[in-house]
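Structure first, commentary second.
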Amino acid sequence: MIKNIDLKDLADAESLRQVLARIKKGEDQYILKDNDQPQAALLSLEDLELLKQAKENKQKAWDRLFENLEKVHARNPDVSEEQVHSDVEEAIRAIRQQQA
């Protein structure tokens, strides 16, 4: 569960230990606030690794997409961007009609 916590609530070592224990167990994540303004997130190392992996996977997917777009463009240099856009829109409309 994601919880909000203010910096002043972590002023003593025992409060900080309790929060860290909950994070380590994977029970909670925290949005750290200062004067009611979000400043940072506190999450487990496992959650951080998952977040980093998701970010890397997203970047790889974008990279593959652009590589494929470049290949398609190289194979079809005489087709304008406008024609491609029109063809894609037409294909989307056709698929949506089939699904309706």
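Looking at GLU46 and the list (1) out of contact with any Gly (no Cβ under 8 Å at 6 or more places or on another chain); (2) at negative phi, which single condition is not satisfied?
All conditions pass for GLU46, except number (1).
Considering every residue within segment 38-55, establish whether at least one is more than 20 Å from the chain's Cα centre (by Cα), without any contact (Cβ under 8 Å) to a residue 60 or more places away in the chain and assigned to a loop (DSSP other than H, G, I, E, B).
The answer is no, given that none of the residues of segment 38-55 is more than 20 Å from the chain's Cα centre (by Cα), without any contact (Cβ under 8 Å) to a residue 60 or more places away in the chain and assigned to a loop (DSSP other than H, G, I, E, B).
Which pairs have Cβ atoms under 7 Å, sit 6 or more apart or on different chains, and link a residue in segment 19-30 that is under 13 Å from MET1 (Cα atoms) and without any contact (Cβ under 8 Å) to a residue 60 or more places away in the chain to one that is loosely packed, with under 14 Cβ neighbours inside 10 Å and basic (Lys, Arg)?
Pairs found: ASP28/LYS3; TYR30/LYS3.
All of the numbers you see were taken from the coordinates with simple rules; none came from a lab. The model shown is predicted, which means the values in this text are computed figures rather than measured ones. Positions of Cβ are backbone-derived with ideal geometry, glycine not excepted, and every protein chain shown enters the neighbour counts.
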